[in-house]
Every structure is written in C-alpha cells, then in structure tokens.
Amino acid sequence: MVPVPADAGDGALRHRDPFAAFVTDDASRQAAVTAANEQGWTGAPIAEGGVAAAVESLGDVPTPRMLLIDISESADPFRDLSRLAEVCQEGTRVIALGKVNDVDMFRRLIQAGVDDYLVKPVNATALSRAFTSLGRERANLREASAPGKLVVVVGARGGIGTTTLAANLAWLVAHEQNKRSMLVDLDLHFGGLALAFDIEPSRGLAEALHNPGRIDDLLIERAAVKVDKQLSVLCAEEGLERAVHVDSAAIEALMGRLRAGFDCVVVDLPRAMLAAHAHLVAAADAVMVVTDYTLLAARDCTRVLKRVRDAQPKGKVMLIAGRVGAPGHGEIARADLEKMLDAKIDAEIPHDAKSAGASAETGKLLVVVASSGKAAGAVRAMAALVLGGDGATVKLPLWRRLLSKES
C-alpha cells in the first residue's frame, strides 16, 4: 500500500519526508492530518493500515524522520514492530497508537524501539505535543558537541557487586540526573545486566565487536535494548560453543558512536579483558575498580590496579570496596587491605541485606526498591561525583579535583 497524502497530491513518499502515518480509523487520520499541518508538514503521507501496511510501503523507499504507526489491530505488535525496524532508516522516530492503556505495555514498546506510545482515541493536540517533544530531543542531540562521559567499572574478582554497581550507577545518572545513558556489558558469555533489568539480551553486539566495519548508528539503535526513554542497554548471551573475538578497533568505534549519542556511557568491563583492551580504560573519564575486604581480592586487585593505572596515568581511578560488612565474608581490616594494595579505598558500598532482599524479591534494581537504603546512598554519591547532581557527600578530594579539571 502506498501512503495517501493528507491533502490532494502525489501519494508517493518523497526523499526522506519529515512525517508519515499509518492509521486504522478516521478519527486518528483526522487528528494526524491536523497535527501534521500544525507542524508545517502539509501534504504528509497518511495511509490506511497498521504496521503491516507500513512494512509493505516502506520496504523500498526512504523512511520518514517521524513515523506514526497504529498497532491497535495487530495480533502481535512486538513481532510486527521488529519487522518494521528492519525497513526503517537510521534516525526514524516512531510513535505508536494503540488501545491498551497499560504501563507494562508502554515499557515493552519502549524496549522494542518505539519512541512514544499514545492511547486511542487520540486528538490533534496530543499528537502535536508528541511531535514537538521528539523534535526537540533530536535538536538537542544535534547541538550537543561535547562527547558523553565514559565510565568504566571493573571488578578485582567476581561476586563482589561490580555489575550491580554499574547497573545502579547508570540508572541513577539516567533518572535522577536526567542524562541519556547507555549501559554496556562486555562479558558476552556470562554478563548479568540483562538479568538485572529483566530484559532480553541484545542481538548483534558480538558480531559488531568482531567486525568494526559494521558499527554505525543504525546497528546500535537496533541492537540496544531500551529500558525506557533515558536508559538503554547493550548486552549479549553467547553460547559457550562459540568463541567470540573482540576487535580492539571495534570497541573504539563503538565507544565513539555511543559517546556521540549519549550523555553518559557506563561499561561493565570483565577483568579478563584488561590484558588486551586497556585502551578502553585509557579513554575513560572515570574508572571504578571494585574490590572487597578479602585476601583473594587483595591478590587480584593488586594486578588489576596496576594494569588500570598503567593505562590511565592521569589518575582518574576510584577504588571501591563492595559488600562491606557482609556476614561470613572473611573480611580483613580496611587498613590491612590498603597496606597490601599500597592504595587508599576511596568509597565503600555497605552490605545492605534488607535492600538486597527487596531487590532480589522484586527483580528490580536496588536504587529503585530501596532508594533510601545505605547501599543506594553510596552509589548515588558516586553518580553525583561522576556527572554532578545531588548526592550524599563522599570524602574524595583528589577525585573531585580530577573530575572538575576534566569537566
């Protein structure tokens, strides 16, 4: 089906039209015509039909910059939207119309790549407001000249809360500081970020990191899973039968693209990757090395810290002690660990059994279910130091000075 223009005229999509719509009822059609005209998109293609009609019409022509899609008659809207994503060009913003007024539905649509969701019946005012909001976001992205902050989180060993810190840090930056954030899990086999957010792992990340030539904004847009408007996640869950090679040039290309499109990029870096990919640490605005108060951590953290500091001679390294006070953990004294490491602990994340239990029971992040807890407060303070904003104070004079020089 070829889109029909809002007024009399040629129905074919011109070169990258600013707007097109596919709707299934007259009321939505009239609202789309009025809202489009208010935006100055007179004659914009507005067709009958839903996602299937859009896929058929847009398969071999340039897709518009703004696309309104009616999913109310779709038997499987998420499958249909996945098909639509395959024909959409980079930068197309999608607004979905539907009948279901449900928060979970909205969340799933955002994760599927939709930029906004409006419940029918919809009027021209609501549509025009949505168009204006998305247009403003696009303009802000174009005007942003400075690259986003890159924060690397690496653990001295497993099981000490490195992934938990990365996930909660990114969420706080995205929602309490209102920064568009991307969270990247570079453990392609055993990464835990998909579980932390209860999302499906990304597709295409492993292939992209093997082949830097494939990395572009469109690949990132399709591979990233949107938690919501402010936060996206790139992660994978590759089978153990497959050895994944990560190209250093691919990591550099990926980080460059991400920093150009997001205010903050948080990377959960497996310690095993430090040997071959210390260049990622060197490029970071901040590096958080996570340890705990055990002899095993002391042994491993010594080597991790050396590698990090060799790669990051400016000293923008923060040493974090996690799970402090956990029972049966075999902790040694803080002073003893600092002596072994020849380094000072910059901040601690206390073991908070109540908050951790609430997080495990609900399947939600600690800073969401226990925002006022001690552990959440410690992570909030770190987020404030990395990108500014409100947060509890932490005695990190050197850390503050280094960040202020780089800002």
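Going by the conditions given, is residue 350 surrounded by fewer than 19 Cβ atoms within 10 Å (Cβ to Cβ) and modelled with pLDDT under 80?
On the way: surrounded by fewer than 19 Cβ atoms within 10 Å (Cβ to Cβ): yes; modelled with pLDDT under 80: no.
For residue 350, the condition - surrounded by fewer than 19 Cβ atoms within 10 Å (Cβ to Cβ) and modelled with pLDDT under 80 - is not met.
Do we have any residue at all in the stretch 328-338 that's at pLDDT below 75 and out of contact with any Pro (no Cβ under 6 Å at 6 or more places or on another chain)? Walk me through how you get there before you give the answer.
The initial filter retains those residues of the stretch 328-338 that are at pLDDT below 75, namely 328-329.
Of the ones still in play, those that are also out of contact with any Pro (no Cβ under 6 Å at 6 or more places or on another chain) are 328-329.
Yes; the residues of the stretch 328-338 include at least one that is at pLDDT below 75 and out of contact with any Pro (no Cβ under 6 Å at 6 or more places or on another chain).
From the residues in the stretch 183-226 that are of a type in the set (Lys, Arg) and at pLDDT below 85, which one is farthest from the chain's Cα centre (by Cα)? Give the steps one after another, and end with the answer.
Step one: of the stretch 183-226, the residues of a type in the set (Lys, Arg) are 203, 214, 222, 226.
Going one step further and asking which of them are at pLDDT below 85, we end up with 203, 214, 222.
Values: 203: 14, 214: 20, 222: 12 Å.
Looking at residues that are of a type in the set (Lys, Arg) and at pLDDT below 85, I get 214.
Taking the options 104, 116, name whichever one is out of contact with any strand residue (DSSP E or B) (no Cβ under 7 Å at 6 or more places or on another chain), surrounded by fewer than 22 Cβ atoms within 10 Å (Cβ to Cβ) and not assigned by TED's automatic domain parsing to the domain that holds residue 198. Walk me through it before giving the result.
Values: 116 fails: out of contact with any strand residue (DSSP E or B) (no Cβ under 7 Å at 6 or more places or on another chain).
Among 104, 116, only 104 is out of contact with any strand residue (DSSP E or B) (no Cβ under 7 Å at 6 or more places or on another chain), surrounded by fewer than 22 Cβ atoms within 10 Å (Cβ to Cβ) and not assigned by TED's automatic domain parsing to the domain that holds residue 198.
Would you confirm whether any residue within the stretch 326-341 is outside any helix (DSSP H, G or I), small (Gly, Ala, Ser), under 30 Å from residue 306 (Cβ atoms) and touching a Leu at 6+ places or on another chain (Cβ under 7 Å)?
no
I'm told residue 288 meets every condition in (1) under 18 Å from residue 164 (Cβ atoms); (2) in a loop (DSSP other than H, G, I, E, B); (3) not charged (D, E, K, R) except one. Can you identify the failing condition by its number?
(2)
Consider residue 127 carefully, then state whether it is touching a residue at least 60 places away in the same chain (Cβ under 8 Å) and under 15 Å from residue 29 (Cα atoms). Lay out the reasoning, then the answer.
Details: touching a residue at least 60 places away in the same chain (Cβ under 8 Å): yes; under 15 Å from residue 29 (Cα atoms): yes.
Judged against the criteria, residue 127 is a match.
Taking residue 23 and the conditions (1) within 14 Å of residue 98 (Cβ to Cβ); (2) surrounded by fewer than 19 Cβ atoms within 10 Å (Cβ to Cβ), which numbered condition does it fall short on, given that it satisfies the others?
(2)
Select, from 310, 300, 228, the only residue that is assigned by TED's automatic domain parsing to the domain that holds residue 165, of a type in the set (Asp, Glu) and part of a loop (DSSP other than H, G, I, E, B).
Details: 310 fails: part of a loop (DSSP other than H, G, I, E, B); 300 fails: part of a loop (DSSP other than H, G, I, E, B).
Residue meeting the stated conditions: 228.
For the stretch 154-182: of the residues being more than 24 Å from residue 104 (Cα to Cα) and outside any loop (DSSP other than H, G, I, E, B), which is farthest from the chain's Cα centre (by Cα)?
In this case the residue turns out to be 155.
Against the definition (modelled with pLDDT under 80 and touching an Asp or Glu at 6+ places or on another chain (Cβ under 6 Å)), how does residue 373 come out, yes or no? So that I can check it myself, show each step before the final result.
Details: modelled with pLDDT under 80: no; touching an Asp or Glu at 6+ places or on another chain (Cβ under 6 Å): yes.
The answer is no for residue 373.
Of these, 27, 47, which one is outside any helix (DSSP H, G or I), under 19 Å from residue 121 (Cα atoms) and at pLDDT 80 or above? Walk me through how you get there before you give the answer.
Values: 27 fails: outside any helix (DSSP H, G or I).
Being outside any helix (DSSP H, G or I), under 19 Å from residue 121 (Cα atoms) and at pLDDT 80 or above holds for just one of 27, 47, which is 47.
Which ones in the stretch 156-167 are touching a Lys or Arg at 6+ places or on another chain (Cβ under 9 Å) and buried (at least 17 other Cβ atoms within 10 Å of the Cβ)? Please lay out each step first, then the result.
We begin by selecting, within the stretch 156-167, every residue touching a Lys or Arg at 6+ places or on another chain (Cβ under 9 Å); these are 156-162.
Those that are touching a Lys or Arg at 6+ places or on another chain (Cβ under 9 Å) and buried (at least 17 other Cβ atoms within 10 Å of the Cβ): 156, 157, 160, 161, 162.
Do any residues in the stretch 252-277 that are at pLDDT 95 or above have Cβ atoms under 7 Å from those of residues that are of a type in the set (Phe, Trp, Tyr), where the two are at least six apart or on different chains, and which pairs are they?
So the pair list comes out empty.
Regarding residue 208, is this residue in the same structural domain as residue 304 (by TED's automatic domain parsing), among the small types (Gly, Ala, Ser), touching a Lys or Arg at 6+ places or on another chain (Cβ under 6 Å) and more than 17 Å from residue 380 (Cα to Cα)? Even if it seems obvious, please write down each step before you answer.
On the way: in the same structural domain as residue 304 (by TED's automatic domain parsing): yes; among the small types (Gly, Ala, Ser): yes; touching a Lys or Arg at 6+ places or on another chain (Cβ under 6 Å): yes; more than 17 Å from residue 380 (Cα to Cα): yes.
Considered against the rule, which asks whether it is in the same structural domain as residue 304 (by TED's automatic domain parsing), among the small types (Gly, Ala, Ser), touching a Lys or Arg at 6+ places or on another chain (Cβ under 6 Å) and more than 17 Å from residue 380 (Cα to Cα), residue 208 comes out as yes.
From 92, 34, grab the single residue that is surrounded by fewer than 17 Cβ atoms within 10 Å (Cβ to Cβ) and among the β-branched types (Val, Ile, Thr).
Details: 92 fails: surrounded by fewer than 17 Cβ atoms within 10 Å (Cβ to Cβ).
The unique qualifying residue is 34.
Among the residues of the stretch 146-155, is there at least one that is of a type in the set (Gly, Ala, Ser), crowded, with 24+ Cβ neighbours inside 10 Å and either touching a residue at least 60 places away in the same chain (Cβ under 8 Å) or under 29 Å from residue 22 (Cα atoms) (or both)?
Restricting attention to the stretch 146-155, the residues satisfying the condition of being of a type in the set (Gly, Ala, Ser) are 146, 148, 155.
Keeping just the survivors that are crowded, with 24+ Cβ neighbours inside 10 Å gives 155.
Within this subset, residues satisfying the condition of being either touching a residue at least 60 places away in the same chain (Cβ under 8 Å) or under 29 Å from residue 22 (Cα atoms) (or both) are 155.
The answer is yes; a qualifying residue exists.
Name every residue in the stretch 1-20 that is surrounded by fewer than 16 Cβ atoms within 10 Å (Cβ to Cβ) and either in a helix (DSSP H, G or I) or modelled with pLDDT of 80 or more (or both), in order of residue number.
Matches in the stretch 1-20: 18 only.
State the number of residues belonging to the stretch 220-244 that are touching a Gly at 6+ places or on another chain (Cβ under 8 Å) and surrounded by fewer than 17 Cβ atoms within 10 Å (Cβ to Cβ). Walk me through how you get there before you give the answer.
The first filter runs over the stretch 220-244 and keeps only residues touching a Gly at 6+ places or on another chain (Cβ under 8 Å), leaving 220-223, 226, 235-237.
Now restrict to residues that are surrounded by fewer than 17 Cβ atoms within 10 Å (Cβ to Cβ): 222.
The number of residues fulfilling the criteria is 1.
Could you tell me whether the stretch 245-254 includes any residue that is surrounded by 17 or more Cβ atoms within 10 Å (Cβ to Cβ) and within 23 Å of residue 109 (Cβ to Cβ)?
no
The values are calculated or read from the model by the stated rules, or taken from the named source; none is laboratory data. Model, not experiment: these values are computed from the prediction. With ideal geometry, Cβ positions are generated from the backbone for all residues, glycine too; neighbour counts draw on all protein chains shown.
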